[in-house]
Amino acid sequence: MQIVVKANATQKEEFLSKGVPEDVLVNFLVDEEIIADADAYFDLCFEEDGAAFGHITNKPVFVNAVIMTSKELPENYIRINAWNGFLKRDLVELVATDLPVGRQGAQILADGITVLHELNWKYQLVPDVPGMIAARVIAMIVNEAYYGLGDEISSKKDIDIAMKLGTNYPFGPFEWSEKIGLKKIYALLKKLSEKDNRYTVAPALEKETGTT
């Protein structure tokens with residue numbers, strides 16, 4: 001099996017950290033080269049750079065599209081959560097619902113799951129909503145931490161320490177925001193807040209992103 005991956009340095013390290021079986025050939029995209037005969041494609045830079053594999057229409061393209069839903073993507077695209085730090089988790093979040101029917105829906109998904117089996121990746125099927133599951137939770141935790149920061153409850157460092165000691169999380173909320181990118185957190189919160197005011201962006205977070 002041959003897989004083509006577009007990734008930045010951090011994403012490449014996280015992808016390889018999961019291990020690659022000997023019978024799977026992984027090519028990391030260099031200088032926008034075109035490899036049209038692979039079995040599957042991973043576009044981990046999709047949110048930053050746009051589609052790298054727009055010319056691929058009949059093979060699974062796994063896209064790091066945490067905020068967008070499948071309705072906004074080409075039919076052969078499969079959403080995964082590959083934000084920094086998430087790809088290293090034991091389970092990869094994979095969107096399975098609301099895909100179009102037919103070859104570019106059910107069959108593409110089946111092909112994609114076969115690819116994950118070949119990679120020995122465990123996956124979790126999640127709803128086709130902005131943020132999926134884990135990113136929504138982390139975004140809300142980060143947002144609440146910024147509300148606390150804005151109210152001068154404590155410092156970033158102390159809030160991070162309290163979160164890790166109290167919940168056994170690997171990172172505190174501000175460490176998560178730095179790892180993921182605060183603007184990504186902001187964009188997800190803005191998207192979610194359109195339908196649920198629980199995700200209203202904290203003023204301190206909005207100020208730090210320079211959007212106020």
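Go through region 126-154 residue by residue and tally those that are of a type in the set (A, V, I, L, M), surrounded by fewer than 18 Cβ atoms within 10 Å (Cβ to Cβ) and touching a strand residue (DSSP E or B) at 6+ places or on another chain (Cβ under 6 Å).
Matching residues across region 126-154 total 1.
With respect to PRO60, is the statement that it is surrounded by fewer than 21 Cβ atoms within 10 Å (Cβ to Cβ) and either in contact (Cβ under 8 Å) with a residue 12 or more places away in the chain or among the acidic types (Asp, Glu) (or both) true?
Numbers: surrounded by fewer than 21 Cβ atoms within 10 Å (Cβ to Cβ): no; either in contact (Cβ under 8 Å) with a residue 12 or more places away in the chain or among the acidic types (Asp, Glu) (or both): yes.
No.
State all residues of region 31-65 that are part of a loop (DSSP other than H, G, I, E, B) and in contact with an Asp or Glu (Cβ under 7 Å, 6 or more places away or on another chain); if no residue qualifies, say none. Before the answer, list the steps.
The initial filter retains those residues of region 31-65 that are part of a loop (DSSP other than H, G, I, E, B), namely 31-39, 44-45, 50-60, 65.
If the condition is that a residue be part of a loop (DSSP other than H, G, I, E, B) and in contact with an Asp or Glu (Cβ under 7 Å, 6 or more places away or on another chain), then ALA51, ALA52, PHE53, LYS59, PRO60, ALA65 are the ones that fit.
Residue under question is PHE46, and the condition is that it be assigned by TED's automatic domain parsing to the domain that holds TRP83 and modelled with pLDDT of 95 or more; does it hold?
On the way: assigned by TED's automatic domain parsing to the domain that holds TRP83: yes; modelled with pLDDT of 95 or more: yes.
Against the criterion (assigned by TED's automatic domain parsing to the domain that holds TRP83 and modelled with pLDDT of 95 or more), PHE46 qualifies.
Take residues that are over 22 Å from ARG89 (Cα atoms) and modelled with pLDDT of 95 or more and tell me which of the helices (runs of 4 or more DSSP H) falling wholly in region 169-212 contain 2 or more. Please lay out each step first, then the result.
Numbers: elements: 173-180, 182-193, 203-209.
In region 169-212, 182-193, 203-209 are the helices (runs of 4 or more DSSP H) which contain 2 or more residues that are over 22 Å from ARG89 (Cα atoms) and modelled with pLDDT of 95 or more.
Can you give me the number of residues within region 4-25 that are over 20 Å from TRP83 (Cβ atoms) and touching a Phe, Trp or Tyr at 6+ places or on another chain (Cβ under 8 Å)?
1
Here are the criteria: (1) of a type in the set (Ser, Thr, Tyr); (2) surrounded by fewer than 13 Cβ atoms within 10 Å (Cβ to Cβ); (3) within 17 Å of GLY112 (Cα to Cα). Tell me which single one SER17 does not satisfy.
(3)
Could you check ALA162 against (1) surrounded by fewer than 17 Cβ atoms within 10 Å (Cβ to Cβ); (2) of a type in the set (Gly, Ala, Ser); (3) modelled with pLDDT of 95 or more and say which number it fails?
Condition (3) is where ALA162 drops out.
What pairs come up if the first residue lies in region 196-212 and is under 14 Å from VAL142 (Cα atoms), the second is part of a loop (DSSP other than H, G, I, E, B) and among the β-branched types (Val, Ile, Thr), and their beta carbons are under 7 Å apart, counting only those six or more places apart or on different chains?
Going by the 7 Å Cβ cut-off, the qualifying pairs are GLU206/THR212.
Which of (1) touching a Phe, Trp or Tyr at 6+ places or on another chain (Cβ under 9 Å); (2) of a type outside the set (Val, Ile, Thr); (3) in contact (Cβ under 8 Å) with a residue 40 or more places away in the chain; (4) over 25 Å from ASN197 (Cβ atoms) is the odd one out, the single condition ASP160 does not satisfy?
(3)
So ASN27 passes all but one of these: (1) closer than 30 Å to PRO173 by Cα; (2) more than 14 Å from the chain's Cα centre (by Cα); (3) not β-branched (Val, Ile, Thr). Which condition number does it fail?
(1)
Determine whether region 164-179 contains at least one residue that is of a type in the set (A, V, I, L, M, F, W, C) and either in the same structural domain as SER17 (by TED's automatic domain parsing) or farther than 28 Å from LEU16 by Cα (or both). If you could, list the steps in order and put the result at the bottom.
Step one: filter region 164-179 for residues of a type in the set (A, V, I, L, M, F, W, C), giving 165, 171, 174, 176.
Then drop every residue that is not either in the same structural domain as SER17 (by TED's automatic domain parsing) or farther than 28 Å from LEU16 by Cα (or both), which leaves 165.
Checked region 164-179: at least one residue is of a type in the set (A, V, I, L, M, F, W, C) and either in the same structural domain as SER17 (by TED's automatic domain parsing) or farther than 28 Å from LEU16 by Cα (or both).
Could you say which residue among ASP39, ASP49, ASP90 is under 14 Å from GLY112 (Cβ atoms), acidic (Asp, Glu), surrounded by fewer than 17 Cβ atoms within 10 Å (Cβ to Cβ) and more than 10 Å from the chain's Cα centre (by Cα)?
Numbers: ASP49 fails: under 14 Å from GLY112 (Cβ atoms); ASP90 fails: under 14 Å from GLY112 (Cβ atoms).
ASP39 is the lone residue from the list that is under 14 Å from GLY112 (Cβ atoms), acidic (Asp, Glu), surrounded by fewer than 17 Cβ atoms within 10 Å (Cβ to Cβ) and more than 10 Å from the chain's Cα centre (by Cα).
The values are calculated or read from the model by the stated rules, or taken from the named source; none is laboratory data. These figures come from a predicted structure and were not determined experimentally. Here Cβ is always computed from backbone atoms with ideal geometry, including for glycine, and neighbour counts include all displayed protein chains.
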